[in-house]
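The values are calculated or read from the model by the stated rules, or taken from the named source; none is laboratory data. What you are looking at is a predicted structure, and each value in this text was computed from that prediction instead of being measured. When we count neighbours, we look across all protein chains shown, and the Cβ atoms used for this are built from the backbone with ideal geometry, even at glycine. Side chains included, ligands, DNA and RNA excluded: accessible areas come from the protein's heavy atoms. Shrake-Rupley method; radii C 1.70, N 1.55, O 1.52, S 1.80 Å.
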Amino acid sequence: MVTKSNCREIILRKRWLTSVTSLVLLICVVSVLSQPAAVAAAGASPVPAKTSGFSALPQEAQASDPTTCKGILSQPAALKNALLGVPKYQSTYVIVLSGSAKDTITSPTPAALADLPIEIIDQPETNSIAEDLHLKNVQRVPASEASPAQPMVDVGSGKTQAAILWGPLAGAADIDLGLEDKISMFSIDRPKDPPAIYAGGGSTATPCAAAIADDLDSFGVLPAELLVPVNLRSMLNTPTPIFSMQNAEKGQVVFQQVCARCHGPYAVHDPALAPVDLLKSIRRFQFIGFKYIVMNGRSQKGMPPLRGTLTQDQIALIYQYLVARSKHLLTAGPK
Amino acid sequence: MSLQRSSIILASFFACFSLFTAGPVLSQTGTISGTIHLTATPRPNPLIRMGADPNCLKINAGKRVFEEVVVRSSDGGLANVFVHVSSAPKSSGSGSVLLDQKGCMYHPMIIAAQVGQTLEVRNDDSTLHNIHAVDPSKKYTFDQAQPSAGMVLSVPLKDPEVMLHVKCNIHPWMTGFIGIVNDPFYAISDDTGKFTIKNVPAGKQTIEVWHEVYGPLTQTVDVKAGGSTNVDFTYTGNEHPSTSKNLPIQEITIPAGTNTLTFASPGQ
């Protein structure tokens, strides 16, 4: 729990960059006041989707192989496994367009979609999106194990020119049905839970799951978390992870997969890469500050927001890895 | 009256002077134009996964972006080919050429420049880019981060290099080439494969062209003074580049008795 006194201590002790100080101040004020009125910004943010499927991370990186997705729509167990193996898009729903709708709608604004005939699977999550977006011309098809992505089939056949589906399902269907050039795809609405029929079960990284993530990436689909601001209020309840070398080593794997591209394999300053020495800066951060920056990015320094890309668990693991490195508890470099 | 006579004399002097200077040069140069053809149907260009950087994904949200490795028009014209009159007299240039990083792509991805000019590498994206010269000859060694929009790296072009390969270490699909030469007689073929080079000294000239995938081709032409000379080049699609997009090939000596070679990145 952050109190007034230790907020002051933090601020006085660490003569730090103005931006980070401001961040700590903001967090302190929000935490101490702890009143709904003080978190207006957070109140404007949507309630985050439950992300229970993420806890098994980190996963081993898998090479993408779309051929392993062929026929997957007719294999319910394999389909569920592949869809849950796409953590980046678990909370993302997409609108798929074809034909003249694809040509005319380059941005899925509410006005552009209001009267468009749009096919959805009749299930609470997509019904809720249709309501949120005030769609007037929705055609519902029943959820079916025999045809789990019927709206995509209908988009492919020309029966409809628009459909809203859960992102991973749309990606899998795109690969299996070979629609690629016939369609465009946009993320739509705030983060939402996956369809209930796919809930439960652990996520497993598979070549097909990696191909689905690639497919959604290649259409320019944004993880839904990027469509809304960081929910600062929800962050305040985040406990600092209990350090363990095992987690630090797991964090090393995630760091190399996601962070090393910009921060280098050794996380130290390199004039050719991100202008920060993580092993020094991590000493100045409490976990909450680190998490805020990872989720929100640092636009002045070219760092992208990684909410959606990284799970909460992964951020905690990376933090532990950097703490371990900064304290010389872990050797440098790729694992 | 004497004023009129003086004016006529002065005008005559300038007329003669201009004939001795600009006149002969114009009459001794010509224009080279032509088209680069690709007869084969190329493989589709690779699709870019912008999701590797969420900033790039946001910039290109909802778009399918392809690498522009081979750009061929419907009638077979090949774009992005560097064309150079390699036998032309040498000279130094001035001014700058721009390599713009926008939308997590290079614009343009093939550039022609003259020694003496400055290469300006600008970041127009609100994301971290890195500009890295991959130059086996070590004439150009820049490897610089550009974390924010508006940053410019200026590189004086002191040495010729055909082609200088540049890339972004952060976004592996960003790769570009700069043809740096000692004269101003160059062009890049447009989207229809066409190019034009003006004021080329008349007489026999060697024209070299280079494409990222299909490599170099050479022809000799007779440039007509005061006229236009047409020269077309045709790639069949079976050619190979002289400059690899990947790391340079290095000669290594394998010690006797070695059964296994392990390759690692520098620093490892």
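Results, tabulated for the structure shown:
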| quantity | calculated |
| --- | --- |
| Output for region B:154-172, where each listed residue is open to solvent by less than 30 Å² (accessible area, probe 1.4 Å) and within 14 Å of another protein chain (Cβ to nearest Cβ) | B:166, B:168, B:170, B:171 |
| Pick from region B:129-152, criterion under 18 Å from the mean Cα position of the chain (by Cα) and assigned to a strand (DSSP E or B), ranking: nearest to the other protein chains (Cβ to nearest Cβ) | B:132 |
| Within region B:47-100, considering residues that are basic (Lys, Arg) and away from chain A (no Cβ under 14 Å), the one nearest to residue B:179 (Cα to Cα) | B:90 |
| Test: residue in region A:204-215 that is among the hydroxyl-bearing types (Ser, Thr, Tyr), under 26 Å from residue B:52 (Cβ atoms) and more than 14 Å from chain B (Cβ to nearest Cβ) | yes |
| Cβ-Cβ under 6 Å pairs, at least 6 apart or on other chains, region A:139-160 side within 17 Å of residue A:197 (Cβ to Cβ), far side open to solvent by 30 Å² or more (accessible area, probe 1.4 Å) and among the acidic types (Asp, Glu) | A:140/A:122; A:142/A:122 |
| Residue A:212 touching a Lys or Arg at 6+ places or on another chain (Cβ under 9 Å), under 17 Å from residue B:64 (Cβ atoms) and modelled with pLDDT of 95 or more | no |
| Condition met for residue B:62 (on the phi > 0 side of the Ramachandran plot and without any contact (Cβ under 8 Å) to a residue 24 or more places away in the chain) | yes |
| Some residue of region A:181-196 being open to solvent by 10 Å² or more (accessible area, probe 1.4 Å), without any contact (Cβ under 8 Å) to a residue 40 or more places away in the chain and within 14 Å of chain B (Cβ to nearest Cβ) | yes |
| Within region B:119-137, tally of residues that are under 23 Å from residue B:209 (Cα atoms) and open to solvent by 30 Å² or more (accessible area, probe 1.4 Å) | 2 |
| Verdict on residue B:111 being within 11 Å of another protein chain (Cβ to nearest Cβ) and among the β-branched types (Val, Ile, Thr) | no |
| Boolean, residue B:119 is of a type outside the set (Gly, Ala, Ser), more than 24 Å from residue B:57 (Cα to Cα) and away from chain A (no Cβ under 14 Å) | yes |
| Any hit, region A:203-224, residues being open to solvent by less than 30 Å² (accessible area, probe 1.4 Å), in contact with a Gly (Cβ under 9 Å, 6 or more places away or on another chain), assigned to a helix (DSSP H, G or I) and among the acidic types (Asp, Glu) | yes |
| Answer residue from region A:277-335, given it is within 14 Å of chain B (Cβ to nearest Cβ) and basic (Lys, Arg) and is surrounded by the fewest Cβ atoms within 10 Å (Cβ to Cβ) among those | A:335 |
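Residues are listed down the side, and each one gets a yes or a no for (1) within 11 Å of chain B (Cβ to nearest Cβ); (2) without any contact (Cβ under 8 Å) to a residue 12 or more places away in the chain; (3) within 19 Å of the chain's Cα centre (by Cα); (4) open to solvent by 20 Å² or more (accessible area, probe 1.4 Å):
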{"site": "A:243", "(1), (2), (3), (4)": "no, no, no, yes"}
{"site": "A:256", "(1), (2), (3), (4)": "no, no, yes, yes"}
{"site": "A:260", "(1), (2), (3), (4)": "yes, no, yes, no"}
{"site": "A:264", "(1), (2), (3), (4)": "yes, yes, no, no"}
{"site": "A:270", "(1), (2), (3), (4)": "yes, yes, no, yes"}
